[in-house]
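Every number in this text was worked out from the coordinates using simple rules, so none of it is lab data. Just so it is clear, the model here is predicted, and its values are computed rather than measured. A quick note on method: Cβ atoms are made from the backbone with ideal geometry, for glycine too, and the neighbour counts reach across all protein chains shown.
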Amino acid sequence: MSVARQNGYRLVSLGPMSHRIHMRCVAALGLLCLFVLAAAFIVAPLGSHEAGVRELLDVLFDPAHATGEGHRIIRDLRLPRIVMALLAGGMLGLSGAALQSLTRNGLADPGLLGVKEGASLSVVALMLLMPSAGLYLRPLAGMAGGFLSALLVASIARDLTRMRFVLIGIGLSWLMSAALSLILTTADIRDVQTAMVWLAGSLNAVSWDIVPIALVCASIGAVILFLTAAAADAALLGNPLATALGVPLRRLSILRFIAPVLLTAACVSCVGSLGFVGLLAPHMARLALRGGGQTALLTGSALFGSALVLIADSIGRLAFAPLQLPAGIVLAVVGVPVLLLLLWKRRDLL
């Protein structure tokens with residue numbers, strides 16, 4: 001029996017192509033995918049308005065006859081919100097897994113590196129200065145702000161694999177949060193109210209118009225990360241060995257730095273700031289999978305991220321109905337204790 005087979009891998013061939021897969025990881029990811037789909041199906045009919053399972057089935061499988069008020073609630077309000085929650089969680093899970101692997105730091109998270117704050121600052125400035133701007137401009141503004149923040153942190157730190165990269169990112173995040181607070185306190189109160197709800201990470205106003213933008217950005221970022229997953233596995237063996245294996249480390253680092261920034265900025269631009277998903281999802285994936293390399297980690301992180309945002313948004317929507325709490329607040333209640341625990345475990349490295 002080969003070493004690979006002893007470690008749970010199987011070789012799958014398709015014509016001239018072959019690939020090793022970790023059977024335990026495949027089974028775990030399959031179950032996790034079913035859980036996410038089941039959760040989405042369960043929460044879709046739930047709410048304070050008259051819309052149930054029958055209306056959901058009509059919208060999904062017989063849309064031509066889904067013309068009632070309950071059908072409209074499912075189709076125009078709940079389904080885009082659920083799809084956006086899945087996309088947002090997946091994007092943040094992917095970006096967190098990629099950044100933690102790139103920096104070799106389990107505390108690395110888009111929210112701790114200034115990317116979210118830079119994107120939020122740009123989008124809020126656009127909302128306040130150009131309130132009539134189209135939705136398609138928000139991702140452009142958010143990505144510009146996110147990339148500028150990330151480049152500033154990287155240029156100051158000069159090394160993506162050391163703790164100072166995270167610490168500089170946290171410092172820049174605080175600076176941008178202060179600038180954001182200054183803008184909000186000096187703006188018109190009517191404009192500030194809309195911006196504050198958006199900043200809290202709310203999916204209340206999500207519509208089908210914003211979903212294609214998020215889908216395109218998520219697809220681009222995911223393709224980059226999955227295509228570079230094998231090279232990232234080699235890079236984790238150390239720079240000398242990765243170079244000997246022919247891995248272009250500089251190009252790999254650039255690609256796996258750009259993709260998380262794109263994913264995070266697009267997510268923030270569409271639904272606001274959803275904290276701690278990029279931090280929690282990769283750790284949950286590692287605990288659940290324990291093998292399979294970067295491909296399995298990315299897939300598991302995306303699925304766990306989707307589940308986290310979907311559950312958080314559903315709790316915020318249903319627990320205090322008709323009052324709706326932003327998903328970002330629910331995530332913060334769970335994320336802050338976990339962050340403190342991770343910081344305590346790594347206290348000797350800080």
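Peptides 79-92, 142-155, ordered by how many other C-beta atoms sit within 10 Å of their residues on average, highest first, read 79-92, 142-155.
Here the gap between LEU241 and ALA288, fully extended at 0.36 nm per residue and compared with their Cα-Cα distance, gives a gain of 14.1 nm. Gaussian network model of the chain, Cα springs within a sub-10 Å range: biggest mean-square fluctuation belongs to which of GLY52, GLY221, GLY300? Comparing GLY52, GLY221, GLY300 in a Gaussian network model of the chain, the most mobile one is GLY52. At 7 Å along the Cα-to-beta-carbon direction for both MET23 and ARG158, put a label point, then send me their distance in nm to one decimal. Distance between the two pseudo-spin positions: 5.1 nm.
With no solvent and one equal point scatterer placed on each C-alpha of the chain, evaluate the Debye formula and give log10 I(q)/I(0) for q = 0.07, 0.10, 0.12 Å⁻¹, two decimals. Those come out to -0.31, -0.63, -0.89, one per q.
For the chain, modelled as a GNM whose springs connect Cα atoms under 10 angstrom apart, the maximal fluctuation among ARG251, ARG190, ARG158 occurs at ARG190. Could you check which residue among HIS65, HIS283, HIS49 shows the biggest mean-square fluctuation in a GNM of the chain with a 10 Å Cα cutoff? Comparing HIS65, HIS283, HIS49 in a Gaussian network model of the chain, the most mobile one is HIS65. By the combined test of axial Cα extent (at least 18 Å) and Kyte-Doolittle hydropathy (mean at least 1.0), the qualifying DSSP H helices of the chain come to 23-43, 79-103, 115-129, 137-157, 163-186, 211-227, 249-271, 293-318, 327-345. Protection proxy ranking of 253-262, 93-102, 223-232, by the mean of other Cβ atoms within 10 Å over each peptide's residues and highest first, is 93-102, 253-262, 223-232.
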